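Written below as structure tokens is the structure these notes are about.
The values are calculated or read from the model by the stated rules, or taken from the named source; none is laboratory data. Quantities reported herein were computed from a predicted structural model and do not represent experimental measurements. For neighbour counting, all protein chains shown are included, and Cβ atoms are generated from backbone atoms with ideal geometry for every residue, glycine included. To get the accessible areas, we keep the full protein, side chains included, count just its heavy atoms, and leave off ligands, DNA and RNA. Shrake-Rupley method; radii C 1.70, N 1.55, O 1.52, S 1.80 Å.
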Amino acid sequence: MAIKFHHGESRTRSSASIFIVGGLCCFFYLLGAWQKSGYGKGDSIALAVTKSRANCNVVKTLDFETHHGDGSGTTEDAASSRTVYKPCHSRYTDYTPCQDQSRAMTFPRENMIYRERHCPSEENKLHCLIPAPRGYVTPFQWPKSRDYVPFANAPYKSLTVEKAIQNWVQYEGNVFRFPGGGTQFPQGADKYIDQLASIVPIADGTVRTALDTGCGVASLGAYLWGRNVITMSFAPRDSHEAQVQFALERGVPAVIGVFGTIKLPYPTGAFDMAHCSRCLIPWGVNDGLYLKEVDRVLRPGGYWVLSGPPINWKANYIAWKRPKSDLEREQKQIEDIAELLCWKKISENAEMAIWQKSSDVDSCRASQEKSGAEFCSSGDANDVWYKEMAPCVSAANEASSQELKPFPDRLFAVPPRISSGSVSGVSVEDYLEDNKQWRKHVNSYKKINKLIGTRRYRNFMDMNAGLGGFAAALQSPELWVMNVVPTVAEKNTLGVIYERGLIGIYHDWCEAFSTYPRTYDLIHASGVFSLYKDKCGFEEILLEMDRILRPEGAAIFRDEVDVLVKVKKVMGGMRWDSKMVDHENGPLV
């Protein structure tokens, strides 16, 4: 368990208490060793000790390094050789390593390549701590944070001018206020969602996961959350300064992303609904490349919503100041591709059109074959990390075509990808046991950190999410979890996470995450460092965690003791306050 502070803290305990507690720990350790040796009859005694949960973890100076060191010498030697990380220059306050503006401008603008991920080389990586802006304060708690963000946390006023008439954001004193407006909903997201919900089954939990492309400040996602729909919002880091940063400061799930040449970092058949509100994505170009990528991540039976140009162009071309011929051609391209993908238009009203993807996978496939559609290769459709998009139709995951229970029932129901055996090596029994274990783990975390489960922590991240058990055990309308499935993980479980009604993303932790600094209130790292110990340095991962963790945020590391000792050594140089604690089942485990 570690806490990131503005300034370091030091605490002392009397030598007597250290001696007493240390003596007790040594006694129980020897007792356990004797019981394990087979020579004594200590089973019942050891079990009683374990159940008593002897509190050997309250002394923060307990030294694991004597028996679990990294070969670097004594504790004193390790402390003297510890690297101390200094703050970066203040110009890096909002540094996003893989979407750095200056580096982006060296790449081609064609197909938005320059807005994609371009990470720094090893020699150009920073080895310092990203500083918070002057005057940074703890964000407001939800739901106030939906509507207000402290100016000091994201001191950029450009959107208050550029989007003034669209009601995106307003500057009032020392805060930004978000009225809930957007380019297509200047009267507020709630009224817009009312119109949407008259067609799309939002109220009954059928639609739980949504993808908002070109999200702006994510007001749609903010207000959908109030209706129990969790939205993965993304937008590029572009001339609309800080739009994703504002979303995250509001406490809304969002990442930096763009429709360019690389596949979206989400699994096949993930989302119940995808949405574009004047997102300026050229849907009809390149033989429908981007619509086919939406089709890949959209569940059979899912919905695609498009509002703004070119919808209902006959009534709006004058206001849009666009030639009728261009708008007519754009809409025809979209209609033709939607038909090829077996999407049925179920509504077109004013400037909003809604399509529903066919849930009959076999019939759709036969229709596409008859029309001469080009199909993607039969490889793993979920292998998307840095893979180029192609103008082909992806095969639907058979499991994703199965009907899901409405949320919240689907959270603990057996996901189709588990029941069908799509995730190799994970049985229904494994899934149920995983849920049981994570309930136990989270209950233990709450005893260690009393702020978990309160409104103080809103934005969570699980760096190695597995089946989503951590997020499911935390589930609350007061928080959300970004579930990350590492690209090097043995099992690809992100589809399971989405089938539970949670959200997540693929990522390689040897690189920076697609977000702004100070995004998350709590980061959970279970087995992350064991997973990456032969792939990249612990320092790189920990510095990235420091970048994306809010000041006074918390991190929980769950790993082998040898690994945690090394992690703790690096953290000491980052001036995090940390302590090692026993396993929930006691000090003998």
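Those residues that are among the β-branched types (Val, Ile, Thr) and over 18 Å from the mean Cα position of the chain (by Cα), I need them from region 185-222; list them, please. Let's see the steps before the verdict.
Residues of region 185-222 that are among the β-branched types (Val, Ile, Thr), as a first pass: 193, 199-200, 202, 206-207, 209, 213, 217.
Selection gives Ile193, Ile199, Val200, Ile202, Thr206, Val207.
Give the residue that is surrounded by the fewest Cβ atoms within 10 Å (Cβ to Cβ), with candidates limited to residues of region 217-231 that are out of contact with any Cys (no Cβ under 7 Å at 6 or more places or on another chain) and closer than 15 Å to Gly181 by Cα. Reasoning before the result, please.
In the first step, residues of region 217-231 are kept if they are out of contact with any Cys (no Cβ under 7 Å at 6 or more places or on another chain); the result is 217-220, 222-231.
Cutting the leftovers down to closer than 15 Å to Gly181 by Cα gives us 217-220, 222-224.
Details: Val217: 31, Ala218: 30, Ser219: 31, Leu220: 27, Ala222: 26, Tyr223: 22, Leu224: 27.
It comes out as Tyr223.
Checking Leu291 against (1) surrounded by fewer than 22 Cβ atoms within 10 Å (Cβ to Cβ); (2) over 30 Å from Arg458 (Cβ atoms), which test does it fail?
It fails just one condition, (1).
Report yes if Ser401 is open to solvent by less than 50 Å² (accessible area, probe 1.4 Å), on the phi < 0 side of the Ramachandran plot and not assigned by the TED database to the domain that holds Val207, otherwise no. So that I can check it myself, show each step before the final result.
Values: open to solvent by less than 50 Å² (accessible area, probe 1.4 Å): yes; on the phi < 0 side of the Ramachandran plot: yes; not assigned by the TED database to the domain that holds Val207: yes.
Judged against the criteria, Ser401 is a match.
State yes or no: is Arg146 in contact (Cβ under 8 Å) with a residue 40 or more places away in the chain, buried (at least 18 other Cβ atoms within 10 Å of the Cβ), of a type in the set (D, E, K, R) and farther than 30 Å from Ala319 by Cα? Break it down stepwise before answering.
On the way: in contact (Cβ under 8 Å) with a residue 40 or more places away in the chain: yes; buried (at least 18 other Cβ atoms within 10 Å of the Cβ): yes; of a type in the set (D, E, K, R): yes; farther than 30 Å from Ala319 by Cα: yes.
Judged against the criteria, Arg146 is a match.
Could you list, in sequence order, the residues of region 304-349 that are surrounded by 15 or more Cβ atoms within 10 Å (Cβ to Cβ), of a type in the set (Ser, Thr, Tyr) and out of contact with any Leu (no Cβ under 8 Å at 6 or more places or on another chain)?
Across region 304-349, the qualifying residues are Ser307, Ser347.
Starting from region 163-174, keep only residues that are closer than 14 Å to Ala218 by Cβ, then list their pairs with residues that are at pLDDT 90 or above and outside any loop (DSSP other than H, G, I, E, B) whose Cβ atoms are within a distance under 6 Å, requiring at least 6 positions of separation or different chains.
Listed by first residue and then by second, the contacts come to Val169/Phe176.
When you go through (1) closer than 15 Å to Ala247 by Cα; (2) open to solvent by 60 Å² or more (accessible area, probe 1.4 Å); (3) in a helix (DSSP H, G or I) one by one for Phe140, which number turns out not to apply?
(3)
Restricting attention to region 85-107, report how many residues are assigned to a helix (DSSP H, G or I) and open to solvent by less than 70 Å² (accessible area, probe 1.4 Å).
7
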